[in-house]
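Since every read-out is calculated from the coordinates, none of them should be taken as a lab result. Worth saying up front: this structure is predicted, and the values here are computed from it rather than measured. So basically every Cβ, Gly included, is an ideal-geometry build from the backbone, and we count neighbours across all protein chains shown.
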């Protein structure tokens, strides 16, 4: 049985970047990833684990993530010269978790010797 949109949202791990979102205001999903903008909410399914093995929940507490988990986070860029730089872009084949408090986006480059992709 395929879970409904509402069920997936209810069971997903909502990250810290979504802490001020009124869940009752969410009405639909859009799969037009090419037009995602910074601040847009993203419902993502974890495909693989890279450097980030957990997310920071709305409460501020960490939560481990596993392949198959659903997470809700904000699309955003990241500039962290000691780790990763990433753009607020989502490709048709997915995006990377750029930080545990959760911004997703297109990985751009690793800096300062960190691992090649944040995952």
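What distance in nm separates the two pseudo spin-label positions at residue 21 and residue 64, each 7 Å out from Cα along the beta-carbon direction?
It is 2.5 nm.
Give me the number: length gained by fully extending residue 29 to residue 4, i.e. 0.36 nm times residue separation minus the C-alpha to C-alpha distance, one decimal in nm.
Working: separation 25, 0.36 × 25 = 9.00 nm, distance 1.18 nm.
Extending this stretch completely gives an extra 7.8 nm.
Taking the number of other C-beta atoms within 10 Å as the exposure measure, put 49, 90 in order starting with the fewest. Spell out each step's value before the answer.
Values: 49 15, 90 22.
Ordered from fewest to most neighbouring Cβ atoms within 10 Å, 49, 90 come out as 49, 90.
Obtain the nm distance between the two label points defined at residue 11 and residue 91 by a simple spin-label model: each point lies 7 Å from its Cα along the Cα-to-C-beta direction.
2.9
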